[in-house]
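So the structure is just underneath, and the comments pick up after that.
The values are calculated or read from the model by the stated rules, or taken from the named source; none is laboratory data. Bear in mind the structure is a predicted one, so any value in this text is a computation, not a measurement. Neighbour counts are summed over all protein chains in view; Cβ atoms, including those assigned to glycine, are modelled from backbone coordinates with ideal geometry. When the accessible area is computed, the model is the full protein with side chains, heavy atoms only, and any ligands, DNA or RNA have been set aside. Shrake-Rupley method; radii C 1.70, N 1.55, O 1.52, S 1.80 Å.
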Amino acid sequence: MLNTTMRMEDEELIVILEGRLDALSSQNLEKELEAHFEGIKGITIDCAALEYISSAGLRTILAAEQYLEENGLEDVKVINANSTIKDIFEETGFIDLVNFVK
Amino acid sequence: MGSSGRDRLDIEARVDNLDEVTDFVSDVISCLKYSENELAQIRIITEELFVNIASYAYSGPGGMASIAASVDEKENSVELTFVDSGIKYNPIFAKEPDITLPLRQRKKGGLGIFFVKKKVDELSYCYRNGNNILTLRKIFRGA
């Protein structure tokens with residue numbers, strides 16, 4: 001189960017995730033993200049309430065990262081992740097692909 | 001239940017059934033001692049292997065997967081066996097993603113099994129009677 005809240009701060013898309021980002025929930029998230037891409041200058045993913053993320057969730061973040069890169073924008077920022085989430089980012093090397101704010 | 005319990009779930013291999021599968025595994029291991037990290041890991045491992053079957057094993061709908069789970073309370077470990085009768089496929093020999101490559105060159109696939117291999121103590125595969133049989137064992141150390 002995943003709850004997402006999206007809002008714009010200046011031209012930054014803030015995405016607040018709550019629950020679990022898995023194979024099921026990542027499909028919806030990817031669509032929701034794409035619907036908000038127009039005109040943004042950056043994406044921040046707030047993981048304070050995120051319990052875990054699987055490789056499907058990482059792929060969704062990868063898709064967002066690729067969009068930003070293609071448009072000459074800065075890396076996706078991942079903030080407020082707990083140690084479980086951080087462990088997954090580290091194990092998969094994803095911690096180097098995004099702007100992981102410790 | 002004694003020192004070891006065994007249970008099994010037979011379920012249609014569809015991504016929609018993911019929650020039921022991970023809940024099943026979480027229930028089986030509930031008598032063991034593990035950290036938050038380890039619980040997340042076993043759920044991710046279960047997800048990766050089940051979604052793999054749901055996405056690729058069968059060419060049409062209706063394919064089944066069976067997950068057998070047993071715990072060893074003395075060793076504080078769980079053994080999971082995933083069985084499907086789909087296309088013959090050994091995920092252990094799947095190409096690992098090169099995590100040192102820059103973004104553009106990275107393939108999206110392969111992350112799941114990469115994570116699984118890193119986080120289990122034993123992993124084995126065999127193909128018997130038209131079934132893919134993948135067995136793993138994870139010892140929980142509370143870390």
Taking only the range A:19-39 into account, find how many residues are of a type in the set (D, E, K, R), in contact with a Phe, Trp or Tyr (Cβ under 9 Å, 6 or more places away or on another chain) and assigned to a loop (DSSP other than H, G, I, E, B).
1
For the range A:67-102, what are the residues that are among the aliphatic types (A, V, I, L, M) and surrounded by 16 or more Cβ atoms within 10 Å (Cβ to Cβ)?
A:L68, A:V76, A:V78, A:A81, A:I85, A:I88, A:I95, A:L97, A:V98
Show the residue pairs meeting these rules: Cβ distance below 6 Å; 6+ apart or different chains; first residue within the range B:59-72 and outside any strand (DSSP E or B); second residue at pLDDT 95 or above.
B:G63/B:A13; B:G63/B:G86
With respect to B:R43, is the statement that it is of a type in the set (K, R) and under 14 Å from B:V83 (Cα atoms) true?
no
Could you list, in sequence order, all residues of the range A:72-85 that are within 11 Å of chain B (Cβ to nearest Cβ) and either at positive phi or over 13 Å from the mean Cα position of the chain (by Cα) (or both)?
A:N82, A:S83, A:T84
Those residues of the range A:35-59 which are at the interface with chain B (Cβ under 10 Å from one of its Cβ atoms) and open to solvent by less than 20 Å² (accessible area, probe 1.4 Å) amount to A:Y52, A:I53, A:S54, A:S55, A:A56, A:G57, A:L58
Among the residues that make up the range A:8-23, is at least one of them within 26 Å of B:D16 (Cα to Cα), of a type in the set (V, I, T) and modelled with pLDDT of 95 or more?
yes
Return the only residue of A:E32, A:E9 being away from chain B (no Cβ under 14 Å), open to solvent by 20 Å² or more (accessible area, probe 1.4 Å) and more than 12 Å from the chain's Cα centre (by Cα).
A:E9
